[in-house]
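Peer 1: Before we start, here is the structure in question, set down as structure tokens.
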Ligand code: SF4
Ligand code: FES
């Protein structure tokens, strides 16, 4: 595809910081976290948002780490909003005090997405690595009270998937407009902890049954998104809707990525401190490497599904095989599918399926003046 005909991205995921009070074992942060002193300054983010708007970005998602740890969050949301973008806060909700929430609302924040780990404090706090359950519930109530649409995001895995019915009970009680039940994607921290996180087939079937019944009962009130785990699928997902096709991620240090895990890939970095966003999106090797289908080797190159799933996930291919150009091992046509089958077999074998010790990201220290929890 000639670069001049590439459409701009629809959405920008602004990872403002890797700092976070939680330490979930499925964290999508890189294994090596950006120090707070290396984060983009407020003026950098202003410029990035301006350039994103010029590129055609319509939605800004403020994420992390925990974006509430950035003292300038309200200002950045206000700036995105003034550019006409739909603004979304993706948060653990730790630090969403009433004054902060009101300031975000006054700045034009359109939507809040709160993560929850489980349905009750003991399990939730163990999974989050910090006492947080009650604060999350309180913050979710505040989001509704202030009139925002509320999405609850739940990452499902072996240790909480049997609690789906009770978790959905909270979705109903809190009046959430949408719930995303996303089975863990096994990259980074989650791949390191995979044996403790990958559910059994029986667990998945039960969770799907419970979710179907809930969706049917509350179909006029709550959108229910259930993301199946690709390890139990025959074919991979079209990751991010296609490489460099719709979404752009910018990390705390200013590196731009087509997805959350591309920092692992051996591609030349593209940083907003050094290049305009327009060049990064249209012409940088990071974004052009796997755009479209021309890059594909066999079996994808000659496969009738190549426009459907675009060869699957480059990060998964790299993390499991060491070669980012290979077919996603999730695909049944991949010569590497045995890597997935072995993990699934272990998760379904009582002799090997006991949760192993897990590691989560170590919280990043506080940084320069101007950054930190207000
Ligand atoms: Fe998709 Fe490639 Fe598998 Fe075909 S061979 S289904 S294009 S991943
Ligand atoms: Fe990077 Fe799928 S997470 S391409």
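Peer 1: Only residues of region 18-46 count here: report those whose backbone N is under 20 Å from the spot 7 Å along Cα→Cβ of residue 225, or say none.
Peer 2: Under cut-off, by backbone N: 26-29.
Peer 1: Just need the relative contact order of the chain here, percent rounded to a whole number, with Cα pairs under 8 Å and 6+ apart.
Peer 2: Relative contact order here is 22 percent.
Peer 1: Calculate, in nm to one decimal, what residue 208 and residue 234 gain on full extension: separation in residues at 0.36 nm each, minus their alpha carbon distance.
Peer 2: 7.6 nm
Peer 1: While we're here: What is the gain in length, in nm to one decimal, between residue 325 and residue 71 on full extension, counting 0.36 nm per residue of separation less the C-alpha to C-alpha distance?
Peer 2: Stretched fully, the residue 325-residue 71 segment lengthens by 87.4 nm.
Peer 1: Antiparallel DSSP bridges in the chain: what percent, to the nearest 5?
Peer 2: Just about 10 percent of them are antiparallel.
Peer 1: Kirkwood hydrodynamic radius (Cα pairs, Å) of the chain?
Peer 2: Every distinct Cα pair counted, the radius reaches 21.4 Å.
Peer 1: Using a 7 Å offset from the Cα along the Cα-to-Cβ direction at both residue 352 and residue 86, what is the distance between the two label points in nm, to one decimal?
Peer 2: Each label point lies 7 Å from its Cα, and together they span 4.3 nm.
Peer 1: Label points 7 Å out from Cα along the Cβ direction at residue 50 and residue 120: separation in nm?
Peer 2: Here the answer is 5.4 nm between the modelled labels.
Peer 1: Quick check: from the Cα gyration tensor, does region 202-360 come out rounded (a/c under 1.5), prolate or oblate?
Peer 2: The shape class here is prolate.
Peer 1: A further question follows. For a footprinting-style exposure proxy, rank 123, 150 by other Cβ within 10 Å, fewest first.
Peer 2: Ordered by Cβ neighbours within 10 Å, fewest first: 123, 150.
Peer 1: Sticking with this one: Using a Gaussian network model on the chain with a 10 Å cutoff between Cα atoms, which of 203, 247, 59 fluctuates the most?
Peer 2: 203
Peer 1: Still on this model: Starting from the Cα of residue 38, step 7 Å along the direction of its Cβ; do the same at residue 274; then give the gap between the two resulting points in nm.
Peer 2: If labels sit at residue 38 and residue 274, their model points lie 1.3 nm apart.
Peer 1: How many angstrom lie between the C-alpha centres of region 4-51 and region 292-335?
Peer 2: 27
Peer 1: Could you line up 334, 131 from fewest to most neighbouring Cβ atoms inside 10 Å?
Peer 2: Lowest count first: 131, 334.
Peer 1: Can you tell me the length gained on complete extension of the stretch residue 218 to residue 166, counting 0.36 nm per residue apart and subtracting the Cα distance?
Peer 2: Stretched out fully, the residue 218 to residue 166 stretch lengthens by 17.2 nm.
Peer 1: In what sequence do 194, 219, 105 fall when counting other Cβ within 10 Å, fewest first?
Peer 2: Result, fewest neighbours first: 219, 105, 194.
Peer 1: Would you mind pulling out the separation of the Cα centroids of region 190-235 and region 84-101, in Å?
Peer 2: Taking the Cα centre of region 84-101 as reference, the centre of region 190-235 is 27 Å away.
Peer 1: Which shape class, rounded, prolate or oblate, goes with region 179-261 when its Cα gyration tensor gives a ≥ b ≥ c as root eigenvalues, a/c under 1.5 marks rounded, and past that a/b bigger than b/c marks prolate?
Peer 2: Oblate.
Peer 1: Going out from 0 in 10 Å bins, what whole percent of all Cα-Cα distances in region 1-128 drops into each bin?
Peer 2: Final binned percentages: 12, 40, 33, 13, 3, 0.
Peer 1: Okay, moving on. Is the C-alpha gyration tensor of region 135-217 telling us rounded, prolate or oblate? Criteria: a/c under 1.5 is rounded; beyond that, a/b larger than b/c is prolate, otherwise oblate.
Peer 2: Oblate.
Throughout, read-outs are computed from the coordinates displayed, never taken from laboratory work. Keep in mind that what you see is a predicted model, and the values were worked out from it rather than measured. Virtual Cβ from ideal backbone geometry, glycine too; neighbours counted across all protein chains shown.
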